[in-house]
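Working notes, beginning with the structure itself.
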Amino acid sequence: MKKPVLSKTWAWIILIGLVVLDASLDLIFAEGKGIEGNILKPIADLFGINNPLFLTPVILIIFYFVVKGGAWLTKKVDKIPAQAEELVLTALVIVYGILDLWLISVYFFNFRLFKSQFYLIPVLIVIGIAYSWWAENKLKKK
């Protein structure tokens with residue numbers, strides 16, 4: 001059976017692409033208004049950034065620390081010493097990829113299943129947890 005997680009290199013390449021895609025969609029369709037959200041506004045104001053594409057490196061640095069912290073927790077709590085970082089990275093790629101697919105469906109096809117993007121957060125959390133649980137079981141069997 002193939003590995004249930006992506007390699008670090010491929011996961012980071014895909015994640016960088018997804019962050020750039022998200023920033024580009026925001027810039028093209030929302031005229032950069034996504035940067036004015038509750039989470040990104042303080043970060044953008046701190047660095048004086050008003051273009052979502054220029055915020056991409058900051059977001060990737062934040063993701064780096066989230067992945068390192070998540071991998072540390074996975075090693076300590078779930079007792080997965082090998083490929084913990086790959087597991088966290090792959091879960092982040094899947095969740096962020098689904099978010100980008102939702103944005104594409106909204107911007108290109110006017111798909112409005114949720115009134116706000118905040119309603120999507122519980123769905124993304126469940127998907128991330130389900131994948132992590134499945135992959136964790138596969139990694140423990142090796």
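The values are calculated or read from the model by the stated rules, or taken from the named source; none is laboratory data. This one's a predicted model, so the numbers in the text were calculated from it and none came from an experiment. Because the Cβ atoms are built from the backbone with ideal geometry, glycine has one as well, and the counts that use them run over all protein chains shown. To get the accessible areas, we keep the full protein, side chains included, count just its heavy atoms, and leave off ligands, DNA and RNA. Shrake-Rupley method; radii C 1.70, N 1.55, O 1.52, S 1.80 Å.
Spatially, the stretch 35-73 and the stretch 83-142 are offset by 18 Å when compared through their Cα centroids. Rolling a 1.4 angstrom probe over the protein heavy atoms with all chains in place gives the chain an accessible area of 64 Å² per residue.
Could you tell me which trypsin sites (Lys or Arg not before Pro) in the stretch 60-99 are loop residues by DSSP with no more than 13 other beta carbons within 10 angstrom of their beta carbon?
Details: sites: K68, K75, K76, K79; in loops: K79.
Qualifying residues, ordered by number: K79.
For W133 and L60, the difference between the fully extended length at 0.36 nm per residue and the C-alpha to C-alpha distance is 23.8 nm. Positive-end ranking of S132, S105, N51 along the dipole of the chain, with charges on Cβ about the Cα centre, is headed by S132. On the chain, 70 percent of the accessible area sits on carbon and sulfur atoms, based on a 1.4 Å probe.
Using a Förster distance of 25 angstrom, determine the FRET efficiency expected from the C-beta separation of N38 and L124, and round it to 0.05. E between N38 and L124, to the nearest 0.05, is 0.90. Distance between the pseudo-spin-label points of I104 and V77 (7 Å out from Cα toward the beta carbon): 3.1 nm.
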